[in-house]
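Here's the structure we're looking at; comments come further down.
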Amino acid sequence: MIAVVDYGRGNLRSVAKALETLGFRVEVTAEPKRLKAARGIILPGVGAFAAAVVHLKAQNCWDALREALAEGKPLLGICLGLHLLLSSSEEGEEEEGLGYFPGKVRRLPAGLKVPHMGWNKVELKRPSPLFEGIPDGSWFYFAHSFYAVPEDENSVVAVTDYSFPFAVALERGRVFGVQFHPEKSGERGLKLLENFGRMAESCW
């Protein structure tokens with residue numbers, strides 16, 4: 001079973017439906033016990049950083065996510081889910097992130113159209129099992145106003161350019177985060193979700 005973390009908002013059902021289409025057993029849940037039982041976890045999201053942290057803590061999911069990260073369980077953060085894997089965010093500095101990827105989430109610079117919405121080309125910086133079978137330069141769908149700035153450049157798998165280059169995919173161990181929405185990115189996005197699902201299956 002792959003658990004899609006339910007924290008009250010975001011693209012939960014579309015992520016779950018995409019995984020089900022690919023043949024995976026999926027459960028949308030906010031139960032810590034179900035997160036512990038899952039083979040892999042997807043932390044999706046559309047919304048505000050601080051509000052998401054507060055909600056996850058109220059649901060007792062925060063500690064379950066920390067435990068999963070410490071165990072090295074396969075986990076994929078999508079958009080806000082990626083942001084939550086970093087240390088902090090300019091969007092809600094009163095709350096700390098999970099800190100799995102040391103670094104900060106910053107607001108897109110003034111002068112750019114915000115939110116950044118639409119299709120952008122993604123450039124791979126190094127091989128990653130998450131992008132297996134996905135050509136370099138593939139297009140993915142974005143919808144965001146903030147972006148991740150990790151301290152460790154070695155964690156960066158892919159970048160895009162929106163008047164300036166920034167990281168859009170991070171990887172450390174079996175934990176991944178992407179800025180774009182694979183569930184809205186057609187064939188390439190489905191392939192990425194399939195790659196994550198297969199990794200989760202193979203770890204057991």
Taking the stretch 183-193 and keeping only residues that are out of contact with any strand residue (DSSP E or B) (no Cβ under 7 Å at 6 or more places or on another chain) and open to solvent by less than 10 Å² (accessible area, probe 1.4 Å), one is left with 192, 193
Considering only residues of the stretch 149-177 that are in contact (Cβ under 8 Å) with a residue 60 or more places away in the chain, among the hydrophobic types (A, V, I, L, M, F, W, C) and in contact with a Leu (Cβ under 6 Å, 6 or more places away or on another chain), which is surrounded by the fewest Cβ atoms within 10 Å (Cβ to Cβ)? 175
List pairs: first in the stretch 63-76 and touching a residue at least 60 places away in the same chain (Cβ under 8 Å), second loosely packed, with under 13 Cβ neighbours inside 10 Å and not small (Gly, Ala, Ser), Cβ under 6 Å, 6+ apart or cross-chain? 74/203
Counting only residues that are touching a Phe, Trp or Tyr at 6+ places or on another chain (Cβ under 8 Å) and in a helix (DSSP H, G or I), the stretch 153-185 contains a total of 3
Pick from the stretch 128-148, criterion touching a Phe, Trp or Tyr at 6+ places or on another chain (Cβ under 6 Å) and outside any helix (DSSP H, G or I), ranking: most open to solvent (accessible area, probe 1.4 Å): 139
Taking residue 101, is it touching a Pro at 6+ places or on another chain (Cβ under 9 Å), modelled with pLDDT of 95 or more, under 21 Å from residue 47 (Cβ atoms) and open to solvent by less than 10 Å² (accessible area, probe 1.4 Å)? yes
Can residue 198 be described as more than 14 Å from the chain's Cα centre (by Cα) and open to solvent by 60 Å² or more (accessible area, probe 1.4 Å)? yes
Quick one: which residue in 142, 101 is out of contact with any Ser or Thr (no Cβ under 7 Å at 6 or more places or on another chain) and touching a residue at least 24 places away in the same chain (Cβ under 8 Å)? 142
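The values are calculated or read from the model by the stated rules, or taken from the named source; none is laboratory data. A quick note: this is a predicted structure, and the numbers were derived from the prediction, not measured. Glycine gets a Cβ as well: all are built from the backbone with ideal geometry, and neighbour counts include every protein chain shown. Heads up: the accessible areas ignore ligands, DNA and RNA and are worked out on the full protein's heavy atoms, side chains in. Shrake-Rupley method; radii C 1.70, N 1.55, O 1.52, S 1.80 Å.
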